[in-house]
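Worksheet: one structure, shown below.
The values are calculated or read from the model by the stated rules, or taken from the named source; none is laboratory data. Being a predicted model, the structure only gives us computed values, none of them experimental. Methodologically, a virtual Cβ is constructed for each residue, glycine included, from the backbone with ideal geometry; neighbour enumeration extends over all protein chains shown.
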């Protein structure tokens with residue numbers, strides 16, 4: 001009962017802080033965001049991050065000033081994340097698990113499940129935000145700005161935007177990892193597995209509690225510490241490929257409507273396709289599907305004038321409905337329409353109000369996509385054959401990437417990753433990056449020059465370090481200053497500092513007052529809202545107070 005009482009008191013205190021924020025909030029409207037009828041958006045004073053409060057009629061609390069500290073597109077992406085928490089009813093799930101944690105606090109597995117629930121709910125919301133057409137870099141910057149200016153919610157049943165492993169989330173967002181949606185059968189199996197996982201530790205806990213076998217001599221803090229979670233890796237999407245030495249270098253695709261797969265272009269919905277016979281292709285040819293949305297769509301279907309969204313899919317997936325820039329298992333990118341890149345395609349064909357056949361070539365450094373299909377009112381759909389460039393493949397192989405899988409080759413062709421970029425990275429002595437690291441570094445703008453500057457500052461980062469470093473704005477100057485203050489600082493330390501809003505000026509001032517403060521001490525002070533002025537005032541009153549005592553005063557108030 002002691003463990004249950006301690007946990008209940010901690011969470012009651014946290015809930016009072018949340019209730020105070022709700023009572024002090026005022027309703028607000030965001031014209032560019034569609035809010036569900038069962039939810040309300042309010043502005044609340046203080047430094048609490050955006051979060052969803054409540055079970056029956058949830059309230060999305062936004063901190064005052066967020067509309068000016070974040071760009072409109074960052075706000076839209078962050079709000080879209082929160083609204084998907086509402087749709088998923090994550091607060092209800094978390095509240096139920098919090099009760100289980102309080103009752104069976106002595107069982108480590110119950111805490112492991114709780115940590116996984118947070119990890120999976122944040123991943124699901126991140127993927128949904130990307131499916132809505134938000135640019136990964138803008139979304140990642142929005143999350144990082146929230147981390148910079150605001151504090152995380154003290155309760156997991158208040159679904160926020162900065163939960164789970166922030167570094168891994170930013171990496172996955174920038175690598176554009178969007179998983180496949182589960183069908184009804186898989187959802188049922190997953191639900192059964194989740195129920196079994198939850199019932200198992202509860203049943204074991206009841207038996208242990210009844211038998212009086214609960215271990216003693218360990219502190220509550222040790223017992224309830226969550227188990228470290230291993231990083232998951234999404235399985236790559238497979239694109240079907242057939243080979244024959246007799247196939248010609250160009251393959252003419254059958255009309256997708258009159259032939260193998262009937263498609264209703266007006267809605268971009270596949271209609272009961274018949275079995276598709278395999279098409280025999282050369283080893284360097286890849287077959288799949290394409291869609292084009294014009295204009296490209298952002299959060300809540302907001303159009304981006306002057307840009308179109310091109311997406312490529314394997315031949316065996318369902319094409320997304322119209323008005324959605326992202327689908328299941330596809331690779332997508334927005335472009336300013338350029339007839340020299342989309343050879344044979346005109347703006348009149350794309351915007352035609354009636355169904356209009358089209359055949360065009362999409363030319364990339366890696367090869368050419370030969371596309372056939374139809375357009376109607378800005379929505380296009382069809383099939384493609386990708387003819388890769390042998391010179392491109394030879395150069396990539398010489399740089400350490402031989403035998404590039406089909407799905408990765410299509411993604412690299414679409415994004416523009418080629419020998420020049422890979423060679424620039426390798427010229428720094430950088431090891432051959434994985435495909436995900438390569439995509440991530442391209443997405444955030446990592447260059448050979450940036451790597452060399454970081455290396456000159458005394459660091460040896462890998463791909464997993466460089467992506468969040470660049471996304472968070474870790475400059476070579478920042479890295480050098482940190483190295484002077486903390487000679488043993490790692491690249492991971494730089495990421496943690498920037499993710500939590502530490503500036504060089506803040507660290508200098510705090511170290512003048514607390515010379516022995518470690519990196520973790522400074523991060524803890526910043527996360528808990530300790531400003532330089534607050535630290536000066538506390539030091540004036542209590543000259544002998546340590547930095548840990550300083551943080552305690554900030555959290556609990558001055559009780560001396």
When only residues in the range 133-148 that are modelled with pLDDT of 80 or more and either in the same structural domain as residue 524 (by TED's automatic domain parsing) or in contact with a strand residue (DSSP E or B) (Cβ under 9 Å, 6 or more places away or on another chain) (or both) count, which is nearest to residue 96 (Cα to Cα)? 146
Across the range 402-429, which residue is surrounded by the most Cβ atoms within 10 Å (Cβ to Cβ) among those that are assigned to a loop (DSSP other than H, G, I, E, B), free of Cβ contacts under 8 Å to residues at least 60 places away in the same chain and under 26 Å from the mean Cα position of the chain (by Cα)? 417
Filter result (more than 8 Å from residue 292 (Cβ to Cβ) and either buried (at least 20 other Cβ atoms within 10 Å of the Cβ) or under 29 Å from the mean Cα position of the chain (by Cα) (or both)) within the range 368-377: 369, 370, 371, 373, 374, 376
Taking residue 517 as the residue in question, decide whether it is in contact (Cβ under 8 Å) with a residue 24 or more places away in the chain, surrounded by 18 or more Cβ atoms within 10 Å (Cβ to Cβ), in contact with a helix residue (DSSP H, G or I) (Cβ under 9 Å, 6 or more places away or on another chain) and farther than 18 Å from residue 459 by Cβ. yes
Looking at the range 480-490, can you tell me whether even one residue there is surrounded by 22 or more Cβ atoms within 10 Å (Cβ to Cβ) and at negative phi? yes
Sole miss for residue 104 among (1) surrounded by fewer than 21 Cβ atoms within 10 Å (Cβ to Cβ); (2) at pLDDT below 85 is condition (1)
Output the number of residues of the range 97-115 satisfying the condition of being in contact with a helix residue (DSSP H, G or I) (Cβ under 9 Å, 6 or more places away or on another chain) and part of a helix (DSSP H, G or I). 13
Which members of the range 343-367 meet the condition of being within 16 Å of residue 293 (Cβ to Cβ), assigned to a loop (DSSP other than H, G, I, E, B) and under 34 Å from the mean Cα position of the chain (by Cα)? 345, 351
Selected residue (only one of 525, 535, 545, 489 is under 28 Å from residue 170 (Cα atoms) and either at pLDDT 90 or above or not in a helix (DSSP H, G or I) (or both)): 489
Quick check: anything in the range 457-475 over 25 Å from the mean Cα position of the chain (by Cα) and assigned to a helix (DSSP H, G or I)? no
For the range 47-56, how many residues are more than 26 Å from the chain's Cα centre (by Cα) and in contact (Cβ under 8 Å) with a residue 12 or more places away in the chain? 0
Tell me, yes or no, whether the range 424-439 has at least one residue that is over 26 Å from residue 489 (Cα atoms) and modelled with pLDDT of 90 or more. yes
I need the full set of residues from the range 386-400 which are farther than 17 Å from residue 333 by Cα and surrounded by 21 or more Cβ atoms within 10 Å (Cβ to Cβ), in order please. 388, 396
Whether any residue in the range 76-88 is surrounded by fewer than 19 Cβ atoms within 10 Å (Cβ to Cβ) and closer than 26 Å to residue 20 by Cα is what I want to check. yes
Picking from 501, 443, 463, which residue would you name as being in the same structural domain as residue 528 (by TED's automatic domain parsing), buried (at least 18 other Cβ atoms within 10 Å of the Cβ), out of contact with any strand residue (DSSP E or B) (no Cβ under 6 Å at 6 or more places or on another chain) and touching a residue at least 40 places away in the same chain (Cβ under 8 Å)? 443
